[in-house]
Amino acid sequence: QVQLVESGGGLVPAGGSLRLSCAASGRTFSVYAMGWFRQAPGKEREFVAAIRWNGGYRQYADSVKGRFTISRDTAKNAASLQMNSLKPEDTAVYYCAADRRLEWSTAPNEYDYWGQGTQVTVSS
């Protein structure tokens, strides 16, 4: 099992920045990739960004490319999401997730472990 705990959400004006953190514990050696997903009210959970635990390959959703940066610190068993130039449409609950399968994926149902989520609200 892998436990994930997110932090860093909050209320920010449009154009502002936030940094989300995800602390992982448990069987972290089994993690293949870490991802960030988000879910706005009335919408399905969607992919935001992902990073391979070893090697650091990254992928971003088109909607956040150039504004968000995902990173990981393997020594600290942590991942983070730096969000700049935030827009009201970025408002959602953001979830950290871990994938232990040895195949790259951006589909939420391919991720095995999830955090509890942290609210990000961007005011216009």
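The values are calculated or read from the model by the stated rules, or taken from the named source; none is laboratory data. Fair warning: this is a prediction, and the values are worked out from it, not measured in the lab. Don't worry about glycine lacking a Cβ; one is built from the backbone with ideal geometry, like all the others, and counts go over all protein chains shown. Protein only, heavy atoms only, side chains kept; ligands, DNA and RNA dropped before computing areas. Shrake-Rupley method; radii C 1.70, N 1.55, O 1.52, S 1.80 Å.
Taking only protein heavy atoms and a 1.4 Å probe, the accessible area of the chain is 47% carbon and sulfur. Based on protein heavy atoms only, the chain ends up with 51 Å² per residue of surface accessible to a 1.4 Å probe. I want to check the label-to-label distance for residue 25 and residue 46. Put each point 7 Å from Cα in the C-beta direction and report it in nm to one decimal. It works out to 3.3 nm between the two label points.
Each of residue 82 and residue 5 was given a label point 7 Å from its Cα along the Cα-to-Cβ line. The distance between the two points is 2.5 nm.
Read phi for every residue in the stretch 34-45 and hand back ³J(HN,Hα) as whole Hz from Karplus 6.51 cos²θ - 1.76 cosθ + 1.60, θ = phi - 60°, with x for Gly and Pro. Calculated HN-Hα couplings, in order: 10, x, 10, 10, 9, 9, 8, x, x, 10, 6, 5 Hz. Considering only 92, 49, 40, the Gaussian network model of the chain with Cα springs below 10 Å gives its largest mean-square fluctuation to 40. Oblate is the label for the stretch 20-64, because a/c, from the alpha-carbon gyration tensor with a ≥ b ≥ c as root eigenvalues, is 1.5 or above and a/b does not exceed b/c. Between residue 107 and residue 71, the simple spin-label model (points 7 angstrom out along Cα→Cβ) gives 3.2 nm. In sequence order, the stretch 4-18 has phi-based couplings of 10, 10, 8, 7, x, x, x, 9, 9, x, 4, x, x, 10, 9 Hz under the Karplus curve 6.51 cos²θ - 1.76 cosθ + 1.60, θ = phi - 60°, and Gly or Pro positions carry x.
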